[in-house]
1. I need the calculated FRET efficiency for the pair Arg535 and Asp417, taking r as the beta carbon distance and R₀ as 35 Å, to the nearest 0.05.
2. Could you give the length gained on full extension between Ser319 and Arg271, defined as 0.36 nm per residue of separation minus the Cα-Cα distance, in nm?
3. Starting from the eigenvalues of the Cα gyration tensor, five times each then square-rooted, give me the equivalent ellipsoid semi-axes of the stretch 51-136, largest first, whole Å.
4. Full extension from Val437 to Ser399: what is 0.36 nm times the residue separation minus their Cα-Cα distance, to one decimal in nm?
5. Just tell me which aspartates and glutamates come within less than 12 Å, Cα to Cα, of Lys494; anything on the same chain fewer than 8 places away is out.
6. By the scheme Lys and Arg +1, Asp and Glu -1, what is the net charge of all other residues having a beta-carbon under 11 Å from that of Gly572?
7. Can you give me the pair-distance distribution of the chain, C-alpha pairs, 20 Å bins, whole percents?
8. Take the alpha carbon gyration tensor of the stretch 436-478, find the square roots of its eigenvalues, order them as a ≥ b ≥ c, and report rounded if a/c is under 1.5; if not, report prolate when a/b exceeds b/c, else oblate.
Amino acid sequence: MLIASRCPAPCVLMVCTRTSCFTQGARSLGSLLLAVALAITGSAEVWALPADRSLVEFTIDRFDSRSGLPDNMVMAAAQTSDGYLWFGTWEGLARFNGHEFAVFDRSNTPELERHAIRALAADKSGNLWIGTARGGLIRRDAAGQWRRWQRADGSLPFDDVMQIVVDEEQRVWAASETAGLVRINADGSVQQFGIEQGLSNGTVFGLAQRSDGSMLVATFSGLDVIDDDDQVSEFGHANGLPAGQVRAVAIDAGGRVRVSAGGRQYLLAERFGLTSSAGEDRGGVQQIYRDRAGALWLGSTDRGLWREVGARSERLDTSNGLAHNRVLALLEDHEGNLWVGTSAGVQRIRHLPFATLGANIGLDNRYVRSLLEDDKGALWAGTSGGLYRYGAHEMAHWSRASGLPNESILTLANGPDRRLWVGTYGGGVFEFKNERVHYLDGAQVLADAQVRAILPLPNGDVWVGSSVGLFRYRYRAGQGGDDPRDYVGGEWRKYSTEEGLPRPYVMALTLDQQGRLVVGTSAGFALQIDDDHFRPMGEAQGFPARDVFAIVPRGEDTLWLATDSGLVRWRGGEFKQLSSAQGLPFRSWFTLLDDGRG
């Protein structure tokens, strides 16, 4: 672990563990050290994927054979107390340090002569327990020493291990595909539970320990329970579960038993009953995993992964980021990331301060030129392939096929009466309301123009900056007077070099602190003098750039401008240029944002 040295407040401290780096604002050294201590010890209750966030807000990373895994089929995952992540594959064991994989197989580890690994678990002593398909049970201790339990020497009654669970007493339970399960006790003794001891079937799919210490056993014939006295009894059918195989069992955040049986999901209240989401087609669920935030993750054989938080259910599959729809393993690491083992490698789902929104939310056009949030909280995106609206976790899309006159959208703005103004590349401007296009009176003056800036004013006027000049649109009132809802048409007025613009190619519009319109063009900018005239600020006036892409007013006499020649400040009639000489890494800047804190 690396911790940065002390810095003057306020500052951000970066802490790196074996598996990840994270930052912490160093307002409280005590709270920071507590967070670091939790990361070191693995006691990470404070780290979890936020339950109130949607799946699309998480970042998904993928690791496969190209990253160093010995095989793409990742069947098991575990994390030891030293922070290392371990993945079991059909071609050996892989250890991940957050940067690269180290592989253990028959070539370097004799105990892994049969190195197809189906189960992994870690205990509190730093031991890694490894279940193989045909090579028995193996332990790698914290010192790197290996030991094997196998049928050949009588230390284990079977060699095929399906699952491993370390219980609260640090006893190790290993489930078999053919001969029930065994428990390795703290004194090293091995106790078997098979059909002779009362199990309903020798094929065991899953294990889950209840709060009373009893162990639930999901088998090919149902759900059994082993109590504290090691007595085995039938549990599922006795509590209302239909007869048949149980593929997975888990305990949810409320301490209730959840199972997957017969392609349906059941919850034990007083009796087993179908869950509220059981109406969905969730056949093939073989993994049920609860994370520290209380969310349930359900992994299937061919339908991907579901996440349940209360009544909310979301699905992750190959259409929105999952590498493969067959989910074989689930693990929450010490930092709260979820690792998903699939038939196409392992993926990490993590929460970052940012997320990429694209095909995972239905945005199938990646060329996004403009964004706008409306008063209902929906996000509008103008792309080279039409208009998108994302709200309430649903995406809507409009294109030429659905009525847009042009799909190449450059800019968006909220106009009067919740109308959306849409500026296009080569197709002029139009209004959009109630999912319909509204054509504006006289908009033919912009029919072939590139509309790069739109600025609606409180009085109802709308300024439009384009490749053919600056335009003002003034609504004509209908019978209802000045209420914007009654506007039925409008009039256009064009402004160009004759009215004082340095050039009629307009790229930015804003109002300064005095309410004057400021116009950015491809040859400087202009300040509004009155309704009919502008004062040019171009090369002749000492402006040290040409293209003005964005303008931010600061105070009554200051403007900041993003240009093709760095940042330019105009204050008190004088220009100050900031570029590479002042430390800026790029020459051209396309946008500016005032953070509200100076």
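The values are calculated or read from the model by the stated rules, or taken from the named source; none is laboratory data. Predicted model, so just to flag it, every value in this text is computed and none were measured. Virtual Cβ from ideal backbone geometry, glycine too; neighbours counted across all protein chains shown. Each accessible area value is taken on the protein alone, full model and side chains, heavy atoms only, with ligands, DNA and RNA left out. Shrake-Rupley method; radii C 1.70, N 1.55, O 1.52, S 1.80 Å.
1. Details: r = 33 Å, r/R0 = 0.95.
E(calc), rounded to 0.05, equals 0.60.
2. Values: separation 48, 0.36 × 48 = 17.28 nm, distance 3.65 nm.
Between Ser319 and Arg271, full extension yields an extra 13.6 nm.
3. Numbers: eigenvalues 118, 49, 30 Å².
Calculated on Cα positions only, the semi-axes equal 24, 16, 12 Å.
4. Details: separation 38, 0.36 × 38 = 13.68 nm, distance 1.09 nm.
Separation in residues times 0.36 nm, less the Cα-Cα distance, equals 12.6 nm.
5. Asp531, Asp532
6. Details: positive: Arg569, Arg571, Lys576; negative: Glu556, Asp557, Glu574.
Every neighbour counted, the sum reads 0.
7. Percent of Cα pairs in each bin: 17, 37, 26, 17, 3.
8. Oblate, since a/c reaches 1.5 and b/c is not below a/b.
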